[in-house]
Structures are given as C-alpha cells and as structure tokens.
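Working notes for the structure below.
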Amino acid sequence: MGYTVAIDGPAGAGKSTIAKLVAKKKKYIYVDTGAMYRALAIHFLEKKICPEETEKVIMACEDADVKIAYENGVQQVYLNGENVTSKLRTEEVGNMASKTSAIPEVRGKLLELQRGLAETEDVIMDGRDIGTNILPNADVKIYLTASVETRAMRRYNELKEKGAVCDLEKIKTDIRERDDRDMSRKIAPLKQAKDAILVDSSEMNIQEVVDTICGYCK
Ligand code: DC
C-alpha cells in the first residue's frame, strides 16, 4: 500500500482543485473517483436509460469498461476504450452520476478499480466515501466542505467566466438536492469519517486550504 490521503466532501467544495494542487506539491497521484461515476453515467445516458430504471442500469454495468490512465500526470478516463475525459463535467452527467451512484452494483463495479490504484502508488483520492469505505485505513482523512452559499457562488462565477447564462438560486437548489441525495443514500453515503479532519473552506482561499491540508500530510 502506498501513502494514502482521502478527501471527501459535498459537490462544489473544491475537492478536485485542492487535491490536484496537493498532489503536485507532494508528488502524489491524484485520483478523481467522481470521474469514474461520471464515466458510467455517460454510458447510461448513451443507452438512454433513466436513473430510476435500476435493473437496466445494473445490466448496462456489465458492458461498461472504465479504465484510468495518467498522461503527463493528468488522469484520463476511458469508457469502453474511448477517452471520455472532456465529456465528464456537465450538469447532466453529474446528476446522472449522483443518482446512479446510489445503486450498490454501480458502486461495486468501481470499488476494486479505486482500491487497486492506492495499492502501489502514493495517492490523494477524492470522492464521497473514500475515508469511510474505500480506504478506511488512509494515512490522512480530510472532510472538505463549505457553505451552500459559498459553493453556489463559486459555481456561478465559474459558469459566468465560461460565458454561460446562469441563475444563482437555481444553482443553490441543485447543490442542496445533490447534497441531499449523496448524504441520504443507503449505501456508502457522504459523511465525515470519525477520524477525518474537518476543513471548512467557506472563508479560506485556495492557497490557505492547500497549505492546511499539506500540513497534515507527510
Ligand atoms: O465529485 P463529482 O461531483 O464528480 O461526483 C459525481 C457524483 O458521483 C456525486 O454526486 C456522487 C457520486 N460519487 C460517489 O457516490 N462516490 C464517490 N466516491 C465519488 C462520486
């Protein structure tokens, strides 16, 4: 087993931004587990399956092959041989991933892939259940959160920068719904592990969060 850092927290808390920077500074491999759920979500969307059609989702898992590769240190996600990395970060894919990740077979499909990556490498892995379920013996566990208002505002600014039309209230509602789904599902819900360090980034800038987390890591 390599050195392992688990970062869990709700959508929009900045996990991936922070984890990438910590990885660079500490020379860990950054593993984005949400991207794996998103790759499966693309597969379900391509097959025009609704997230409520549990049986169809389970069957579709059988012909989905998700693989991870690193190109210049950046995680690339392959779905049945196709690099889908550039297609992962849409609201449609995120919502599909959030809904289908509540299905045990979907989680089971990705469990070994995630654990396997931590076996040989020093990793910082982000997600919802890394400290509680995937890497219960992680060397460092961080629960990174921020208020709904802060997370919504960050998302709003991000979308505005891309020139997208966006509505702050709608973003807040989406975030609340996603939190609710991710925290209330029966299997591996998002929650702070007993031994995780709580970092609330509402009043912190990126560098402060990176420095705080690096301070806990070897
Ligand atoms: O981190 P993200 O927004 O890319 O994740 C998309 C969805 O995938 C998230 O809403 C819930 C699910 N997910 C999960 O259930 N467990 C993880 N370890 C990572 C993501």
Kindly list, by first and then second residue, each pair from a residue in region 159-179 that is closer than 19 Å to ALA97 by Cβ and touching a residue at least 12 places away in the same chain (Cβ under 8 Å) to a residue that is within 16 Å of the ligand (Cβ to nearest atom) and not in a helix (DSSP H, G or I), limited to pairs with Cβ atoms under 8 Å and residues at least 6 apart or on different chains. ILE175/PRO10; ILE175/ALA11; ILE175/GLY12; ARG178/PRO10; ARG178/ALA11; ASP179/PRO10; ASP179/ALA11; ASP179/LEU190
So, restricting to helices (runs of 4 or more DSSP H) that lie completely within region 136-218, which ones have at least 2 residues that are more than 22 Å from VAL22 (Cβ to Cβ) and not aliphatic (A, V, I, L, M)? 148-161, 168-184
Out of all the residues in region 65-90, which are near the ligand (Cβ under 10 Å from one of its atoms) and loosely packed, with under 15 Cβ neighbours inside 10 Å? ARG89
Tell me whether region 56-64 contains one or more residues that are under 29 Å from TYR3 (Cβ atoms), part of a helix (DSSP H, G or I) and at pLDDT 95 or above. no
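For every residue, the table says whether it meets (1) in contact with a Lys or Arg (Cβ under 9 Å, 6 or more places away or on another chain); (2) in a strand (DSSP E or B).
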{"position": "LEU21", "(1), (2)": "no, no"}
{"position": "TYR78", "(1), (2)": "yes, yes"}
{"position": "VAL93", "(1), (2)": "yes, no"}
{"position": "GLY108", "(1), (2)": "no, no"}
{"position": "GLY116", "(1), (2)": "no, no"}
Filter region 138-157 for residues that are without any contact (Cβ under 8 Å) to a residue 60 or more places away in the chain and not hydrophobic (A, V, I, L, M, F, W, C); the one that is nearest to ALA196 (Cα to Cα) is SER147
Restricting to region 96-106, and then to whatever is within 8 Å of the ligand (Cβ to nearest atom) and assigned to a helix (DSSP H, G or I), can you tell me which residue is farthest from ARG185 (Cα to Cα)? ALA97
Just to verify a result, which residue in region 93-109, among those that are touching a residue at least 60 places away in the same chain (Cβ under 8 Å) and small (Gly, Ala, Ser), is surrounded by the most Cβ atoms within 10 Å (Cβ to Cβ)? SER101
Quick check: is even one residue across region 110-130 crowded, with 19+ Cβ neighbours inside 10 Å and more than 26 Å from GLY73 (Cα to Cα)? no
Evaluate the following for LEU21: is it at pLDDT 95 or above, among the hydrophobic types (A, V, I, L, M, F, W, C), away from the ligand (no atom under 16 Å from the Cβ) and under 18 Å from the mean Cα position of the chain (by Cα)? yes
Result of the Cβ filter at 7 Å on region 45-68, keeping first residues that are polar (S, T, N, Q) and partners that are in a loop (DSSP other than H, G, I, E, B) and buried (at least 16 other Cβ atoms within 10 Å of the Cβ), at least 6 apart or interchain, is THR54/ILE103
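The values are calculated or read from the model by the stated rules, or taken from the named source; none is laboratory data. In this text, all values refer to a predicted model and were calculated from it rather than measured experimentally. Note: ideal-geometry Cβ built from the backbone for every residue, glycine included; neighbour counts use all protein chains shown.
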